[in-house]
Amino acid sequence: NAGVTQTPKFRVLKTGQSMTLLCAQDMNHEYMYWYRQDPGMGLRLIHYSVGEGTTAKGEVPDGYNVSRLKKQNFLLGLESAAPSQTSVYFCASSYPEVGQPQHFGDGTRLSIL
Amino acid sequence: AQSVAQPEDQVNVAEGNPLTVKCTYSVSGNPYLFWYVQYPNRGLQFLLKYITGDNLVKGSYGFEAEFNKSQTSFHLKKPSALVSDSALYFCAVRDSWAGSARQLTFGSGTQLTVLP
C-alpha cells in the first residue's frame with residue numbers, strides 16, 4: 001500500500017522562485033493536512049482541508065497557498081520562496097471521525113537559497 | 001486554545017531498562033491525546049491514542065501511555081527499551097471543545113536514545 005506519497009522528496013530553490021509540492025493519498029481519507037517541521041519546534045500546521053474543494057488556514061499559513069481539486073490530492077504552493085521557508089514539509093491525511101490518527105508521508109526537504 | 005509540552009529534548013536509557021517520555025497538555029474541553037514516532041528521514045508514525053475510557057492505553061511495539069487528568073499528563077512508557085526504539089517521539093493533543101478546529105497541536109519532540 002502506498003499510503004501518503006509526497007513529491008518531490010528534495011528541492012533547492014532560489015529566493016523568489018515558485019514551486020508546488022504534491023501530496024497524494026490512496027486511503028480515501030476526507031481530511032488532508034500540510035505541516036512544516038523545524039528543529040525544536042515540532043510540527044506546525046500550514047493549511048488543511050476537510051474535503052474536496054475546501055481548504056482552511058492553520059497556524060502558519062502566510063506565504064503558502066493550497067488547493068484540493070481532487071479528494072486524493074492536496075497541493076501546497078509557494079508563490080515567492082523566502083529563506084525562512086527552508087524546512088521539511090509533511091503531508092498527512094485522516095478519516096474525519098474523532099480519534100482517527102493522521103497518516104504521514106515521508107516529507108519534502110526544501111532549501112531556499 | 002490547546003497546547004502541549006514535552007519538557008525533555010533528549011532522553012537516554014540503557015537497553016532493557018524501562019523508559020518514560022513525558023508530555024503535558026492544556027485544553028479547554030476534554031483532550032484527545034496521541035503519540036507518534038519519527039525515524040530518520042521518515043514521516044511520523046502513529047503509536048497510540050487516548051480518547052476516552054481506561055487511563056492506561058496500550059499501543060504498537062510494546063508502548064503504553066497513562067492518561068492523568070489531574071496532572072494533565074500523558075506520559076509514554078515501555079517496560080524494557082530496545083536499541084531500535086531510538087527515535088524522535090511527538091505528543092499531540094486535540095481539544096474536544098466544539099469551537100476548536102479539527103487540528104492537532106504537536107509538542108516539540110523528544111529524542112530517545114537507547115544505549116546498548
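Looking at chain B alone, DSSP beta bridges between its own residues are antiparallel in about 85 percent of cases. Using the Cβ-Cβ distance between A:ASP26 and B:SER96 with R0 = 30 Å, the FRET efficiency computed as 1/(1 + (r/R0)^6) comes to roughly 0.50. The convex hull built on the alpha-carbon positions of the range A:4-112 has an orientation-averaged projected area of 6.3 nm².
In straight-distance terms, cross-link reach from B:LYS78 covers every one of the lysines whose alpha-carbon lies under 30 Å from its own, apart from those fewer than eight places away in the same chain; here that gives B:LYS22, B:LYS49, B:LYS58, B:LYS69. Roughly what % of DSSP beta bridges within the protein assembly as shown run antiparallel, to the nearest 5? Antiparallel bridges: around 90 percent, rounded to the nearest 5. Under 20 Å of direct C-alpha separation, and excluding same-chain neighbours fewer than eight residues apart, A:LYS70 reaches these lysines: A:LYS57. Working from label points 7 Å from Cα in the Cα-to-Cβ sense, the A:GLU79 to B:GLU64 distance is 5.3 nm.
Inter-label distance, A:LEU69 to A:THR7: 1.5 nm, where each label sits 7 Å from its Cα along the C-beta direction.
A straight Cα-to-Cα reach below 19 Å connects A:LYS14 with the aspartates and glutamates A:ASP62, A:GLU79, residues fewer than 8 places away in its own chain not being considered. Measuring r between the beta carbons of B:TYR39 and A:MET41 and using R0 = 22 Å, the FRET efficiency lands at 0.70.
Coordinate-derived values only; no laboratory data. What you see is a predicted model; the values in this text were computed from it and never measured. Here Cβ is always computed from backbone atoms with ideal geometry, including for glycine, and neighbour counts include all displayed protein chains.
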